[in-house]
Amino acid sequence: NAIDVEIFKPKDKDFIRKKYGISIEKRVVLSISADLQDERKGVKYFLKSLKHIKSENLMIITLGKKLNFESNIEINDIEIKQLGYIKDRNKISEVYNIADIFCISSLDDNFPTTVLEALACGVPVVGFRVGGIPEQVTEDCGILVNSKDTKSLGKALEKLLNDDEMRKKFSENCRKRVLQNYTIEKFTDNYIKVYNNALRGKNQ
């Protein structure tokens, strides 16, 4: 799927955090899934990775069908805030813009739209090296590790959380990557080329 870059784009993080009651001092990692309890989405590995992270003011935000615990809890003194399922794409874009990092811990995925949406909002991605994700997340806009390796996942998150300069540079690269490759216009042009090539082959 292509991305509407007029909806999913970098926004005023301080303003949006104030709107959602989240301190600008927090280092926020976002996890999104239609169903956070879906085994294939690997959220339990993301949660296990938290014990390997040393970073001040860390906060986790989840979006999607809630996990089986209270809306706001703490794991290893890390606050976890569950926002539940949101349909409105403008609100989803705001949630991306709350985050410093988007973590995708899927064990199997093709070409997840959530990754493209995060990149379009200028949010660096950390996750597992599975499916089509390595094609989306290059080394200049995120960090990928081997599937189910919770320690490496935690350390990758820690590295990016604690390096403001790297995170800023990655953020700029994320947006550029989407504008160059994943806009609706780019996808439309590519589809037209495929159909034209197919028609030319049929007519030969």
Item to complete: Would you please name the GluC sites (Glu not before Pro) within the stretch 136-204 that are DSSP coil residues with at most 14 other C-beta atoms within 10 Å of their C-beta?
Response: 139
Worksheet item: Rounded to the nearest 500, what is the chain's calculated 222 nm mean residue ellipticity when only DSSP H runs of at least 4 contribute -39500 (n - 2.57) each, over all residues?
Response: -12500 deg cm²/dmol
Worksheet item: residue 137: net charge of surrounding residues, Cβ under 11 Å, Lys/Arg +1, Asp/Glu -1, itself excluded?
Response: -1
Worksheet entry | Per residue accessible area in Å² of the chain, where ligands, DNA and RNA are left out and the probe is 1.4 Å | 53
Worksheet entry | Apportionment of accessible area to carbon and sulfur, the stretch 153-204, percent (1.4 Å) | 51
Practice prompt. Using only the Cα atoms of the stretch 1-140, build the gyration tensor, take square roots of its eigenvalues as a ≥ b ≥ c, and label the shape rounded, prolate or oblate: rounded if a/c is under 1.5, else prolate if a/b is larger than b/c, else oblate.
Written response: rounded
Discussion item. Using each residue's phi in the stretch 189-199, evaluate 6.51 cos²θ - 1.76 cosθ + 1.60 at θ = phi - 60° and report the 3J(HN,Hα) Karplus result to the nearest Hz, with x for Gly and Pro.
Written reply: 4, 5, 5, 4, 4, 4, 5, 4, 5, 5, 5
Worksheet item: Lone cysteines in the chain, going by a 4.7 Å Cβ-Cβ cut-off?
Response: 103, 121
Worksheet entry | Difference of contour (0.36 nm per residue) and Cα-Cα distance, residue 6 to residue 193 | 64.9 nm
Worksheet item: Under a 5 Å amide H to amide H cut-off, with H placed in plane at 1.01 Å, what residues pair with residue 27 once short-range neighbours are removed?
Response: 58, 59
Worksheet item: Given H placed 1.01 Å from N in the peptide plane, which residues other than close sequence neighbours of residue 122 have an amide H under 5 Å from its amide H?
Response: 175
Fill in: Sum of side-chain charges, residue 94 neighbourhood, beta-carbon under 15 Å (Lys, Arg +1; Asp, Glu -1)
+3
Worksheet item: Dipole size in debye (nearest 20) for the stretch 70-135 around its Cα centre, Lys and Arg Cβ +1, Asp and Glu Cβ -1?
Response: 260
Practice prompt. Sort 59, 166 by accessible area with a 1.4 Å probe, largest first.
Written response: 166, 59
Item to complete: For the stretch 1-47, report the translational diffusion coefficient in µm²/s to the nearest whole number, using Stokes-Einstein at 4 °C, 1.567 mPa s, and a Kirkwood Rh over Cα pairs.
Response: 96
Item to complete: Set Lys and Arg Cβ to +1 and Asp and Glu Cβ to -1, take the dipole of the stretch 113-165 about its Cα centre, and tell me which of 147, 115, 160 lies farthest positive.
Response: 147
Worksheet item: Hey, got the dipole for the chain? About the Cα centre, +1 on K and R Cβ, -1 on D and E Cβ, debye to the nearest 20?
Response: 280
Worksheet item: Bin by bin, in steps of 5 Å, what percent of the Cα pairs in the stretch 108-168 do you find, going until the bin that has the longest distance?
Response: 4, 20, 30, 26, 17, 4, 0
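The values are calculated or read from the model by the stated rules, or taken from the named source; none is laboratory data. Being a predicted model, the structure only gives us computed values, none of them experimental. Backbone-built Cβ (ideal geometry, glycine too); neighbour counts: all protein chains shown. Only protein heavy atoms, including side chains, enter the accessible area calculation; ligands, DNA and RNA are left aside. Shrake-Rupley method; radii C 1.70, N 1.55, O 1.52, S 1.80 Å.
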